[in-house]
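Right, one structure below, let's go through it.
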Amino acid sequence: ATDGTLTVLRNLNSASDGAYHQSDLIQAKNGSFYGTCYGGGQYGNGTIFKITSGGVFTVVKHLSVSVDGGYPYAGLMQNTDGNFYGITRTGGPKSGGTIYKLTTGGNFTVIHALDYNNEGSTSSSVLTRGTDGSLYAMASRRGPFNYGIIFKTTTAVAFTILDNFNGSSKGNSPYS
């Protein structure tokens, strides 16, 4: 409220809603707020949810670590195509987490599964849209030197490693 009064819109139930909300909520173009929970939910691997300003709460996706990736630490970004994009920290078909797309209608698609050994793992950064239309982020573990990577991807699944952290001259384990 504008007078400083705090209004609780939802108390999260770990099993049904998710738990450990770590990131900011984003207000989507449709007016609802979207966010992620790091744990809890049907499989215990986190959730993606939306909530209206009136308090109507909906879990959009219960994440299954082996299929969807799990434990999304970072929140979502809404791209110019109207869809949401995010990253999970671990799991997915190649064990390094996933980059995913979520439509406002609730359709969830893994657009890239990070290869744990070669492409990084443990991402805690929100994807950022560059002027070239690509989505950029970092992973804080794995890659060739085991210190993380910087990467970009397109919404059409073209994944590119831009650089590797090496533990010395290029730093290590980015956490954002």
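Taking the numbered list (1) open to solvent by 40 Å² or more (accessible area, probe 1.4 Å); (2) in contact (Cβ under 8 Å) with a residue 24 or more places away in the chain; (3) of a type in the set (Gly, Ala, Ser) in turn, residue 4 passes all entries but (2).
With respect to the conditions (1) of a type in the set (Ser, Thr, Tyr); (2) surrounded by fewer than 22 Cβ atoms within 10 Å (Cβ to Cβ); (3) under 21 Å from residue 148 (Cβ atoms), residue 109 lacks only one, and its number is (3).
Checking each residue in region 93-106 for being open to solvent by 10 Å² or more (accessible area, probe 1.4 Å), in contact (Cβ under 8 Å) with a residue 12 or more places away in the chain and closer than 25 Å to residue 33 by Cβ picks out 101, 103, 104, 106.
Here is the figure for region 60-84: residues that are modelled with pLDDT under 95, hydroxyl-bearing (Ser, Thr, Tyr) and surrounded by fewer than 20 Cβ atoms within 10 Å (Cβ to Cβ) total 1.
Going by the conditions given, is residue 90 open to solvent by 20 Å² or more (accessible area, probe 1.4 Å), farther than 17 Å from residue 112 by Cα and touching a strand residue (DSSP E or B) at 6+ places or on another chain (Cβ under 8 Å)? Step through it out loud before you land on a result.
Values: open to solvent by 20 Å² or more (accessible area, probe 1.4 Å): yes; farther than 17 Å from residue 112 by Cα: no; touching a strand residue (DSSP E or B) at 6+ places or on another chain (Cβ under 8 Å): yes.
Considered against the rule, which asks whether it is open to solvent by 20 Å² or more (accessible area, probe 1.4 Å), farther than 17 Å from residue 112 by Cα and touching a strand residue (DSSP E or B) at 6+ places or on another chain (Cβ under 8 Å), residue 90 comes out as no.
Contact map, region 41-65: first residue under 15 Å from residue 10 (Cβ atoms), second residue of a type in the set (D, E, K, R) and part of a loop (DSSP other than H, G, I, E, B), Cβ cut-off under 8 Å, separation 6 or more or different chains; pairs are 51/10; 55/10; 57/10. Residue-level check: of (1) in contact with a Phe, Trp or Tyr (Cβ under 9 Å, 6 or more places away or on another chain); (2) farther than 26 Å from residue 134 by Cβ, residue 46 misses just (2).
Taken over region 10-48, the criterion of being open to solvent by 10 Å² or more (accessible area, probe 1.4 Å) and within 13 Å of the chain's Cα centre (by Cα) is satisfied by 21, 22, 23, 24, 25, 26, 38, 45.
Could you identify the single residue in 40, 46 that is at pLDDT 95 or above, at positive phi and out of contact with any helix residue (DSSP H, G or I) (no Cβ under 7 Å at 6 or more places or on another chain)?
On the way: 40 fails: out of contact with any helix residue (DSSP H, G or I) (no Cβ under 7 Å at 6 or more places or on another chain).
So the residue among 40, 46 that is at pLDDT 95 or above, at positive phi and out of contact with any helix residue (DSSP H, G or I) (no Cβ under 7 Å at 6 or more places or on another chain) is 46.
The values are calculated or read from the model by the stated rules, or taken from the named source; none is laboratory data. The structure displayed is predicted, hence computed values, not measured ones. Here Cβ is always computed from backbone atoms with ideal geometry, including for glycine, and neighbour counts include all displayed protein chains. Accessible surface is based on the protein model in full, side chains and every heavy atom, while ligands, DNA and RNA are left aside. Shrake-Rupley method; radii C 1.70, N 1.55, O 1.52, S 1.80 Å.
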